[in-house]
Amino acid sequence: LNELLEMAAQEYRSLTAEMKKLSGKNKQVYAFYMGMLERYLQSCLIDADRTNTADFMSDSNTENCCDTDLLWKKMEENMQEKCSRFAKREDKISRQRCSISDRCAEFAKHPVGVCRLIVPTGGGKTLSSLRFAISYCRHFKKKKIIYTAPFMSILEQNSDEIRSITGDRYFTEHHSNLLAEIDNNEELQAYELRTEKWDNPVIATTMVQLLNTLFSAKSSSVRRMHRLSDAVIIIDEVQSIPLKCVYLFNLAVNFLSQICGTTVVLCSATQPGMDDVDYPMLLDQEVSMTGDTAEDFSVFRRTELISKVTPYGMTFDEAADFAANVFYEEGNLLLIVNTKAAAKTLYLKMREKCPEVIVIHLSTNLCPQHRREKIAEMRELLNKKVPLICVTTQLIEAGVDISFRCVVRSLAGLDNAAQAAGRCNRNGESDKPCPVYLIKLNEENIGRLEGVRTAQHISQQILESDQYSDYIAEKTQRDYFGVLYHKNKNILAYPIRYRGIKSDLLSLLSLNQDYFKMSGLPRSRQFFVQAMKTAGSLFEVIDNKTIDVIVPFNDEACKLIEELNGDLSPVQSRELLRKAQKYAVSIYEGQNRKLQEYGAVRLLRTGAVAVEKSYYDPDYGITTEGSEQEVLII
């Protein structure tokens, strides 16, 4: 025992010395890292306790004993087979995708802390980043690959890609929190035994789940934190990190990469300047995985971004007229807006304007499986050259592999414009650049969406400036993010008001100075003074709280709902909840209250919540009205 204690003390001294070196002379940063270390140790204890309890209750051994060396070898073989098929294609875009992939594989031969994968939209960054991760894990003996995406639409599509390489057995897709909030201690214990613990070697999850794992007070989130060590974490569409989380995220990535031996890959065509803020992310000196990206962006230049933004903007009727004219010129059209209410309104207007045309509506009021089927239907129609209009929220614009001849995008951030352009002429179907139009909808209700309003304002300034001619260019995007971070500097540390005191989560999770000011106590000279529980309870990635409900979209969903209402062991519950994720929809509290008033929801015995069949529409999904912004990061 004494020998173990001495080893622990030596390890602690080594870690604290490394964290002091990492922090420089910044005591606040050092205190933040100490807090992350405390959370890491708590995570190990919680997971060990919950796992042993679940094993005892179900008389089983759920601990994953996968031989990762063999798994990485098999995955590398599967990846090489997939890449060899792509290499046989002779077109210019396919050749460039192969070049990007090869450079990522080569980059895996050297130690990496935090790097960037800057790939144009449509450049195959998912498979390229995964190829890097597999090769890196095999070469440097890493334990886990964690792929994270901000939007459900990306996760749904890319999970299928990852699963085709890794197989089902060692792969977990985790997005929805399908269990209701629990207050009773006995029920809470059962809930925590059922929650997803990320024990498989390959995980695909959402940005919300990753951020909750790092900062939420829920023990189900804390439990997963230690799984982030000694891993490769792929952050897809990194520009989608909420502004209020930037400082917390940057410092957490530094802790993971420098203290926990984790490699972090930041993927995007529109990279934000997270290394150019007051609490920067510590990027590697050789930061770009693919080197000079100029040729990549030149080859993938397939669109022309055209601003139709005016100071007053367009009404819904004017926007529908404009979109209809564009559609009849081009033959198919993708129309992307910022809110679900706007998507529904314009969907109905486009059906009126173009009654002979197939018009498809998408939003996150539809469950993932429903969206998958609609996107698959659209791909088939587009391949057959059938005239088609899709009216959707932004769920389609980042990462979804689909190609229209024309896109109309309601103004938001310039990064949104670049991502929307990635759904146009994606595979170079047309030799000439295809049009991507930016419009401003003056009837789109974004009054409560401060982030969208700010992004609109900055984008409009750049569009009106003579300084920029290429709005998708890397320099334009960097300048956009620079202005965005500067204008929002006061919120990057996650500002809060707690018991009448203004503070921020960075303070609560580091030196906690506002507590000492409020209490009148002398400032502590210790570094374990964080208000972990308070900060974690205040942390919400999405400002308006949501609840995940299971919808009866098809026979399988109905069967799962009934099974989840049965008497199940923790292991059985966990497996059924995994299967039910593709039928989950996130709704706001206001929508939930309406559904409860109508008697349209029921609490199942496992703690999951299900919606009655008559409240799920084949066109609109869950039918309660609302103008809330899309719940994209679930």
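The values are calculated or read from the model by the stated rules, or taken from the named source; none is laboratory data. Because the structure is a prediction, the values reported are computed rather than measured. We place every Cβ from the backbone using ideal geometry, glycine too, and count neighbours over all the protein chains shown.
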Item to check | Per-region count, region 106-157, residues buried (at least 24 other Cβ atoms within 10 Å of the Cβ), hydrophobic (A, V, I, L, M, F, W, C) and assigned to a helix (DSSP H, G or I) | outcome: 8
Next on the checklist: residue 270 - would you say it is under 21 Å from the mean Cα position of the chain (by Cα), of a type in the set (Ser, Thr, Tyr) and assigned to a loop (DSSP other than H, G, I, E, B)?
Outcome noted: yes
Checklist entry - Within region 598-611, is even one residue surrounded by fewer than 16 Cβ atoms within 10 Å (Cβ to Cβ) and in a helix (DSSP H, G or I)? => result no
Item to check | Number of the condition not met by residue 359 [criteria: (1) in contact (Cβ under 8 Å) with a residue 24 or more places away in the chain; (2) within 24 Å of residue 150 (Cα to Cα)] | outcome: (2)
Checklist entry - Does residue 271 fit the bill of being polar (S, T, N, Q) and more than 30 Å from residue 423 (Cα to Cα)? => result no
Checklist entry - Which members of region 135-177 meet the condition of being free of Cβ contacts under 8 Å to residues at least 12 places away in the same chain and under 25 Å from residue 610 (Cα atoms)? => result none
Checklist outcome for this item: Of those in region 237-290 that are among the charged types (D, E, K, R) and within 28 Å of residue 412 (Cβ to Cβ), the residue surrounded by the most Cβ atoms within 10 Å (Cβ to Cβ) is 237
Next on the checklist: So, in region 555-571, exactly how many residues are buried (at least 21 other Cβ atoms within 10 Å of the Cβ) and either in contact with a Cys (Cβ under 7 Å, 6 or more places away or on another chain) or part of a loop (DSSP other than H, G, I, E, B) (or both)?
Outcome noted: 1
Item to check | Residue pairs meeting the criteria (Cβ under 6 Å; at least 6 apart or on separate chains; first under 26 Å from residue 478 (Cβ atoms), in region 89-116; second surrounded by fewer than 18 Cβ atoms within 10 Å (Cβ to Cβ) and among the small types (Gly, Ala, Ser)) | outcome: 93/428; 116/288
Checklist entry - What about residue 286, is it over 27 Å from residue 457 (Cα atoms), in contact (Cβ under 8 Å) with a residue 12 or more places away in the chain, of a type in the set (Asp, Glu) and not assigned by TED's automatic domain parsing to the domain that holds residue 96? => result no
Checklist entry - Out of 402, 439, which single residue is under 14 Å from residue 306 (Cα atoms), modelled with pLDDT of 90 or more and aliphatic (A, V, I, L, M)? => result 439
Checklist entry - Applying the selection to region 201-238, what residues are basic (Lys, Arg) and out of contact with any Lys or Arg (no Cβ under 9 Å at 6 or more places or on another chain)? => result 218
Checklist outcome for this item: Restricted to region 416-434 and to residues being touching a strand residue (DSSP E or B) at 6+ places or on another chain (Cβ under 6 Å) and part of a loop (DSSP other than H, G, I, E, B), the residue nearest to residue 482 (Cα to Cα) is 423
Next on the checklist: Consider region 158-178. How many of its residues are of a type in the set (Gly, Ala, Ser) and assigned to a loop (DSSP other than H, G, I, E, B)?
Outcome noted: 2
Next on the checklist: Considering only residues that are among the aliphatic types (A, V, I, L, M) and over 20 Å from residue 262 (Cβ atoms), which ones fall in region 106-128?
Outcome noted: 118, 119, 127
Checklist outcome for this item: Checked pairs for region 192-206, first at pLDDT 80 or above, second among the acidic types (Asp, Glu), C-beta under 6 Å and 6 or more apart or across chains, list as 204/173
Item to check | Residue that is surrounded by the most Cβ atoms within 10 Å (Cβ to Cβ) [pool: residues in region 509-534 that are among the aliphatic types (A, V, I, L, M) and modelled with pLDDT of 70 or more] | outcome: 509
Next on the checklist: Given the options 141, 92, name the one that is more than 24 Å from the chain's Cα centre (by Cα), charged (D, E, K, R), within 30 Å of residue 421 (Cα to Cα) and assigned by TED's automatic domain parsing to the domain that holds residue 275.
Outcome noted: 92
Checklist outcome for this item: Counted residues in region 1-48 being assigned to a helix (DSSP H, G or I), over 25 Å from residue 281 (Cα atoms) and hydrophobic (A, V, I, L, M, F, W, C) come to 9
Item to check | Condition check for residue 303: modelled with pLDDT under 95, touching an Asp or Glu at 6+ places or on another chain (Cβ under 8 Å), buried (at least 18 other Cβ atoms within 10 Å of the Cβ) and hydroxyl-bearing (Ser, Thr, Tyr) | outcome: no
Next on the checklist: I need the full set of residues from region 38-75 which are at pLDDT 80 or above, among the polar types (S, T, N, Q), within 30 Å of residue 568 (Cα to Cα) and surrounded by 14 or more Cβ atoms within 10 Å (Cβ to Cβ), in order please.
Outcome noted: 42, 43, 51
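The rows are residues; the columns are (1) in the same structural domain as residue 206 (by TED's automatic domain parsing); (2) modelled with pLDDT under 90; (3) of a type in the set (Asp, Glu).
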{"site": "563", "(1), (2), (3)": "no, no, yes"}
{"site": "579", "(1), (2), (3)": "no, yes, no"}
{"site": "589", "(1), (2), (3)": "no, yes, yes"}
{"site": "598", "(1), (2), (3)": "no, yes, no"}
{"site": "610", "(1), (2), (3)": "no, no, no"}
{"site": "616", "(1), (2), (3)": "no, no, no"}
{"site": "633", "(1), (2), (3)": "no, yes, no"}
Next on the checklist: Within region 529-550, take every residue that is of a type in the set (Gly, Ala, Ser) and assigned to a helix (DSSP H, G or I) and give me the one that is nearest to residue 27 (Cα to Cα).
Outcome noted: 535
Next on the checklist: With the requirement that a residue be modelled with pLDDT of 95 or more and assigned to a helix (DSSP H, G or I), what does region 225-240 give you?
Outcome noted: 225, 226, 227, 228
Next on the checklist: Step by step: first the residues of region 276-300, then only those that are hydroxyl-bearing (Ser, Thr, Tyr) and modelled with pLDDT of 90 or more, then the one that is nearest to residue 504 (Cα to Cα). Which residue is that?
Outcome noted: 279
Checklist entry - Out of curiosity, is residue 456 at pLDDT 90 or above and more than 23 Å from residue 238 (Cβ to Cβ)? => result no
Checklist entry - Within the bounds of region 87-96, is there any residue that is buried (at least 16 other Cβ atoms within 10 Å of the Cβ), touching a Gly at 6+ places or on another chain (Cβ under 8 Å) and in a helix (DSSP H, G or I)? => result yes
Next on the checklist: Out of everything in region 278-300 that is part of a loop (DSSP other than H, G, I, E, B) and touching an Asp or Glu at 6+ places or on another chain (Cβ under 8 Å), what residue ends up being nearest to residue 491 (Cα to Cα)?
Outcome noted: 281
Item to check | Of the criteria (1) surrounded by 13 or more Cβ atoms within 10 Å (Cβ to Cβ); (2) at pLDDT 90 or above; (3) over 30 Å from residue 427 (Cα atoms), which one residue 78 fails | outcome: (3)
